[in-house]
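Chemist: Before I ask anything, here is the structure I am working with.
The values are calculated or read from the model by the stated rules, or taken from the named source; none is laboratory data. What you see is a predicted model, and the numbers here were worked out from it, not measured in a lab. So basically every Cβ, Gly included, is an ideal-geometry build from the backbone, and we count neighbours across all protein chains shown.
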Amino acid sequence: MIAWYVHHHGWGHLTRMQAIRPHLADEVTVFSSLPEPESLAPRTTWVQLPSDSDPVVGADGVRREAHELGDVTANGSLHWAPLGHPGHQARLSVIADWVAVHPTAAFVVDVSVEITMLARLMGVPTIVFAQPGERTDAPHRLGYDLADLILTPWPQGTIEATALVGRERVRAVGGVSRYDGRARVDTGDEHPRRVLFLGRALDRDGLSETVELLRADGWDVESAGANDDDRVDDVWPLLCRATVVVSAAGQNSIADLAAADARAVVIAQERPFGEQEDMARVLAAQGFAQSLPVDAEPSQVVDGIRRAAETAPRWHAWQVHGAAARGASAIEEVAR
C-alpha cells in the first residue's frame, strides 16, 4: 500500500498525482483537504482531511484565526503547525491512525514538511516532491533531510534548486503532464494567429485590454480558466490549435505546454518562495518560452506573443514524455 498526501492549494498537486497514479501497481490511499475528485484510478481510496486553517472558537467564546492561537511555525522549524487547533490535530490523527493499521510501503508527500515528519516518525519511507524557488529555509531543509527520495518534476540541469545541491537522494523525472502520450488533436480550424489565455495569468483589466489589442491586430483569441465563466475540463484541443499560449508559470501548466509543444508566453504569478519567478526565469534563459513579469503592460504582453509566434519551441528538453512513468518507477523503488 502506498499513501499519498495532496496539498490543497490550487489543483496542481492533485493533477500530478492523477498523472502518476495509473503507472503504480500498488493500491494507493490519498489524503487531502480537497474534496474527492469525480473520478479516481482503480484501487485508489480518497480520505478527505479536516481543514487546519479554519477559525476556532475558544472556551472563552472568542473566535480566533488559526495564526492567532500562537506560534504556527514552532520557532521557525515548521511551516504550519497551529497550537491547539482541532482541525490540525484531527488531520494528523486521521493519518496516524490509518498508518497504524495499514502496512504502508511508502508515503508520497506533495507537499508538506509536517506530513513528511509524521510519516517518517511512524517509520514509513517518504518520497517528497521538490518545488522551484528559494527553498533554503529551515523547514524545507528539514523535509529534504527526512526524505528517502526527493523527486524533481523538471529535467536535470534546468531549475537550480539550491537547497538540493549536494544531496544524493534526488531524482529528476522531467515535467509531469496529464497529457503525456496523448495524440495531438486536428481541429480542422487552423487560424494562423490564434492566442489561448490559459488560466489566470493576467488580471481582469489587463486581460481585457490585451485581448482588445490582439483582436485589433487580427488575432483570434480563446481562453480557458482566464475568466469566471470559461472553465474547460479538457484544454488539450485548445492547446493543440493555439499559435501561442499565454500561461502562468506553475509546474503543471508548464508541463502541459511542453506536452503540446506550444509556443508560449509565461507570466510569473506572485507565489511563496518565488516559485513562479524562478520557473519563468529558467524558461526564458534556456529558450523554452517568452517570459514576462506579473505587472507587464498589455502592449508588452502583445509584443511577447508576437515574439513567441516567431520562435520555434524546444520543449523536448523538458522531458515530459515518460515523466509520469519515471516518477512512478522511482516511488516503487522506495516502496519495495
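Chemist: Being of a type in the set (Asp, Glu), part of a helix (DSSP H, G or I), touching a residue at least 24 places away in the same chain (Cβ under 8 Å) and out of contact with any helix residue (DSSP H, G or I) (no Cβ under 7 Å at 6 or more places or on another chain) narrows it down to one of GLU277, GLU270, so name that one. Break it down into steps so the answer makes sense when it comes.
Modeler: On the way: GLU270 fails: part of a helix (DSSP H, G or I).
Sole residue among the options that is of a type in the set (Asp, Glu), part of a helix (DSSP H, G or I), touching a residue at least 24 places away in the same chain (Cβ under 8 Å) and out of contact with any helix residue (DSSP H, G or I) (no Cβ under 7 Å at 6 or more places or on another chain): GLU277.
Chemist: Mind telling me which of the residues SER253, SER247 ends up being under 18 Å from GLY10 (Cα atoms) and in a strand (DSSP E or B)? Step through it out loud before you land on a result.
Modeler: Numbers: SER253 fails: in a strand (DSSP E or B).
Exactly one residue qualifies, and that residue is SER247.
Chemist: Let me ask something else about it. Select, from ARG204, ARG171, ARG135, ARG200, the only residue that is closer than 22 Å to ALA268 by Cα and in contact with a strand residue (DSSP E or B) (Cβ under 8 Å, 6 or more places away or on another chain). Talk me through it step by step, then tell me what you get.
Modeler: On the way: ARG204 fails: in contact with a strand residue (DSSP E or B) (Cβ under 8 Å, 6 or more places away or on another chain); ARG171 fails: closer than 22 Å to ALA268 by Cα; ARG135 fails: in contact with a strand residue (DSSP E or B) (Cβ under 8 Å, 6 or more places away or on another chain).
Every option except ARG200 fails the conditions.
Chemist: Can you pull out every residue in segment 26-47 that is surrounded by fewer than 16 Cβ atoms within 10 Å (Cβ to Cβ) and either of a type in the set (Gly, Ala, Ser) or not assigned by TED's automatic domain parsing to the domain that holds SER329 (or both)?
Modeler: Residues satisfying the conditions are SER39, ALA41.
Chemist: Can you tell me which residue in segment 48-70 is nearest to the chain's Cα centre (by Cα), limited to those that are of a type in the set (Val, Ile, Thr) and surrounded by fewer than 16 Cβ atoms within 10 Å (Cβ to Cβ)? Show your work before the answer.
Modeler: Narrowing segment 48-70 to residues of a type in the set (Val, Ile, Thr): 56-57, 62.
Filter once more, so that each one left must be surrounded by fewer than 16 Cβ atoms within 10 Å (Cβ to Cβ): 57, 62.
Values: VAL57: 33, VAL62: 36 Å.
If we take residues in segment 48-70 being of a type in the set (Val, Ile, Thr) and surrounded by fewer than 16 Cβ atoms within 10 Å (Cβ to Cβ), then VAL57 is nearest to the chain's Cα centre (by Cα).
Chemist: Sticking with this one: State whether one or more residues within segment 299-320 are touching a residue at least 40 places away in the same chain (Cβ under 8 Å), buried (at least 18 other Cβ atoms within 10 Å of the Cβ) and aromatic (Phe, Trp, Tyr).
Modeler: yes
Chemist: Considering only residues that are touching a residue at least 40 places away in the same chain (Cβ under 8 Å), surrounded by 12 or more Cβ atoms within 10 Å (Cβ to Cβ) and in a loop (DSSP other than H, G, I, E, B), which ones fall in segment 188-235?
Modeler: Within segment 188-235, HIS191, ARG193, GLY199, ARG200, ALA201, LEU202, TRP219 meet the criteria.
Chemist: Now for a different question. Are there any pairs, at least 6 apart or on different chains, whose C-beta atoms fall under 6 Å, with the first in segment 1-15 and of a type in the set (Phe, Trp, Tyr) and the second part of a strand (DSSP E or B), and if so, which?
Modeler: Taking only residues 6 or more apart or on different chains, the pairs are TRP4/VAL28; TRP4/VAL30; TRP4/VAL108; TYR5/PHE31; TYR5/VAL109.
Chemist: Kindly provide the set of residues from segment 263-275 that are under 19 Å from SER177 (Cβ atoms) and crowded, with 24+ Cβ neighbours inside 10 Å, ordered by number.
Modeler: ALA264, VAL265, VAL266 - these are the residues of segment 263-275 that are under 19 Å from SER177 (Cβ atoms) and crowded, with 24+ Cβ neighbours inside 10 Å.
Chemist: If you don't mind, another one. Of all residues in segment 1-25, which are surrounded by fewer than 23 Cβ atoms within 10 Å (Cβ to Cβ) and in contact with a Pro (Cβ under 8 Å, 6 or more places away or on another chain)?
Modeler: Residues satisfying the conditions are MET1, LEU14, GLN18.
Chemist: Could you grab me the full set of residues in segment 78-89 that are of a type outside the set (A, V, I, L, M), in a loop (DSSP other than H, G, I, E, B) and surrounded by 14 or more Cβ atoms within 10 Å (Cβ to Cβ)?
Modeler: Kept after step one, since they are of a type outside the set (A, V, I, L, M), are these residues of segment 78-89: 79-80, 82, 84-89.
Filter again for in a loop (DSSP other than H, G, I, E, B), leaving 79-80, 82, 84-85.
Hits for segment 78-89 are HIS79, TRP80, PRO82, HIS85.
Chemist: Could you check, for segment 255-265, whether at least one of its residues is in contact with a helix residue (DSSP H, G or I) (Cβ under 8 Å, 6 or more places away or on another chain), under 30 Å from VAL124 (Cβ atoms) and not basic (Lys, Arg)?
Modeler: Yes: one or more hits.
Chemist: Follow-up question, since we're still on this one. Given the options THR162, THR187, name the one that is at pLDDT below 95, in contact with a Cys (Cβ under 9 Å, 6 or more places away or on another chain) and of a type in the set (Ser, Thr, Tyr).
Modeler: Values: THR162 fails: in contact with a Cys (Cβ under 9 Å, 6 or more places away or on another chain).
Selected residue: THR187, the only one of THR162, THR187 that is at pLDDT below 95, in contact with a Cys (Cβ under 9 Å, 6 or more places away or on another chain) and of a type in the set (Ser, Thr, Tyr).
Chemist: Give LEU292, LEU257, LEU239 a once-over and let me know the one that is surrounded by 22 or more Cβ atoms within 10 Å (Cβ to Cβ), of a type outside the set (Val, Ile, Thr), out of contact with any Leu (no Cβ under 9 Å at 6 or more places or on another chain) and at pLDDT 95 or above. Please lay out each step first, then the result.
Modeler: Working: LEU257 fails: out of contact with any Leu (no Cβ under 9 Å at 6 or more places or on another chain); LEU239 fails: out of contact with any Leu (no Cβ under 9 Å at 6 or more places or on another chain).
After ruling out the rest, the residue left standing is LEU292.
Chemist: Look through segment 92-122, keep the residues that are in a loop (DSSP other than H, G, I, E, B) and among the hydroxyl-bearing types (Ser, Thr, Tyr), and return whichever of them is surrounded by the fewest Cβ atoms within 10 Å (Cβ to Cβ).
Modeler: Filtering segment 92-122 for residues in a loop (DSSP other than H, G, I, E, B) gives 102-105, 111-112, 122.
Adding the requirement that they be among the hydroxyl-bearing types (Ser, Thr, Tyr) leaves 104, 112.
Numbers: THR104: 19, SER112: 22.
In this case the residue turns out to be THR104.
Chemist: From the list ASP229, ASP220, ASP261, which residue is in contact with a Pro (Cβ under 6 Å, 6 or more places away or on another chain) and of a type in the set (D, E, K, R)?
Modeler: Numbers: ASP229 fails: in contact with a Pro (Cβ under 6 Å, 6 or more places away or on another chain); ASP220 fails: in contact with a Pro (Cβ under 6 Å, 6 or more places away or on another chain).
Step by step, each of ASP229, ASP220, ASP261 is checked, and only ASP261 is in contact with a Pro (Cβ under 6 Å, 6 or more places away or on another chain) and of a type in the set (D, E, K, R).
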